[in-house]
Amino acid sequence: MGNQEKRITTKRERQKTSKKILENSLLKCEIFFIINKKNEEEFIMPQTLKLRFNEIVKERFTKEFDTKKVDIEDDLAYIKNDRDGAFVDHTYEVLRCKKIKAIKLSALNAEDTIYVRNGIILPEDDYDIPLFTYDLVEASSRMFSTIDIVPLLKNEEYNKRYVLPMKPITDKYNDIPRIEGAKQDISEWGKEFESGQKLYIRCAKEYEPKIEEAFNEYLDLYISFIKNAEPINDENAKKEMANLKERYKKAYHENDPGVGPMTIFFGKEWAEKFFEEFPF
């Protein structure tokens with residue numbers, strides 16, 4: 001074998017090793033549930049569906065509200081890494097508008113391996129608007145999605161105003177076929193915060209258009225909440241909302257499975273810096 005052939009073979013071996021590192025790290029962190037390790041063709045996946053969810057949020061908010069971009073540090077806005085041909089990058093954007101303190105959008109692309117979109121919409125403290133949250137993961141022939149409008153208060157009036165309107169959407173899309181044997185509920189640490197009307201699905205990638213339809217309907221509903229919201233003066237309610245946000249942030253930082261991959265891909269220092277920013 002000539003030197004050039006040896007170099008090509010060595011590079012291919014390094015690429016396979018790097019991809020295995022990505023696979024193993026994500027499996028440990030409970031995200032990368034969908035890689036078929038027995039079939040390498042299953043593992044090599046072009047991003048045929050573009051996971052437009054972050055773009056949808058930006059387009060809708062730009063259309064409906066006077067939305068402004070928030071300046072963030074360059075190394076948080078974009079970072080990339082290339083380990084022997086295994087390319088990984090991450091994009092982070094923050095927007096804001098009236099009544100909304102932050103619209104935070106995160107996009108991770110691990111080339112030929114996994115694509116992740118995370119977002120959270122955080123209202124200003126003077127409004128009782130819920131949080132809008134989503135995590136969407138595409139890898140191989142399958143995908144995972146969780147979409148929720150997280151209540152900030154626990155009472156009947158709030159439930160009628162913000163939670164029950166979600167039920168028709170959840171009922172409409174809950175018949176999307178799940179992957180048999182795959183986990184179909186959120187982790188225990190997140191159950192305190194869920195609305196009870198979340199869309200949490202591990203499914204074949206062919207259903208991504210249906211997930212996008214559902215996403216648009218949840219987002220439409222959330223935008224209507226923003227438009228109809230008025231400032232609140234109840235100091236006890238404000239305190240309760242602030243406490244829930246702090247518990248949410250603490251639980252997210254301590255338990256979110258995305259911390260592991262971010263640390264492996266971009267280093268501990270960068271990951272710690274990012275998760276000081278995200279979710280809020």
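Summary of values
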item	result
Filtered residues of the stretch 97-127 (kept if at pLDDT 90 or above, farther than 19 Å from residue 53 by Cβ and either among the basic types (Lys, Arg) or not in a strand (DSSP E or B) (or both))	98, 99, 101, 124, 125, 126, 127
In the stretch 83-94, residue nearest to residue 223 (Cα to Cα) [restricted to those that are over 16 Å from the mean Cα position of the chain (by Cα) and assigned to a strand (DSSP E or B)]	88
Long-range neighbours under 9 Å by Cβ, at least six apart or interchain, first residue in contact (Cβ under 8 Å) with a residue 12 or more places away in the chain within the stretch 49-70, second loosely packed, with under 13 Cβ neighbours inside 10 Å and of a type in the set (Lys, Arg)	64/227; 65/98; 65/227; 66/98
Single match in 233, 216, 228 (criterion: within 23 Å of residue 67 (Cβ to Cβ) and free of Cβ contacts under 8 Å to residues at least 12 places away in the same chain)	228
Conditions (1) modelled with pLDDT of 50 or more; (2) part of a loop (DSSP other than H, G, I, E, B); (3) farther than 28 Å from residue 222 by Cβ; number of the one not met by residue 80	(2)
Test: residue 134 is among the aromatic types (Phe, Trp, Tyr), in contact with a strand residue (DSSP E or B) (Cβ under 6 Å, 6 or more places away or on another chain) and crowded, with 22+ Cβ neighbours inside 10 Å	yes
Residue within the stretch 154-166 that is at pLDDT 95 or above, more than 15 Å from residue 51 (Cα to Cα) and surrounded by 20 or more Cβ atoms within 10 Å (Cβ to Cβ) present	yes
Among the residues listed as 233, 243, the single one being among the polar types (S, T, N, Q) and in a loop (DSSP other than H, G, I, E, B)	233
Filter result (within 23 Å of residue 161 (Cβ to Cβ), in a helix (DSSP H, G or I) and touching a strand residue (DSSP E or B) at 6+ places or on another chain (Cβ under 8 Å)) within the stretch 246-280	248
Filtered residues of the stretch 204-233 (kept if β-branched (Val, Ile, Thr) and more than 16 Å from residue 63 (Cβ to Cβ))	211, 232
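The values are calculated or read from the model by the stated rules, or taken from the named source; none is laboratory data. All of these numbers come straight from a predicted model, not from anything done at the bench. Quick reminder, even Gly has a Cβ in these numbers, built from the backbone with ideal geometry, and neighbours come from all protein chains shown.
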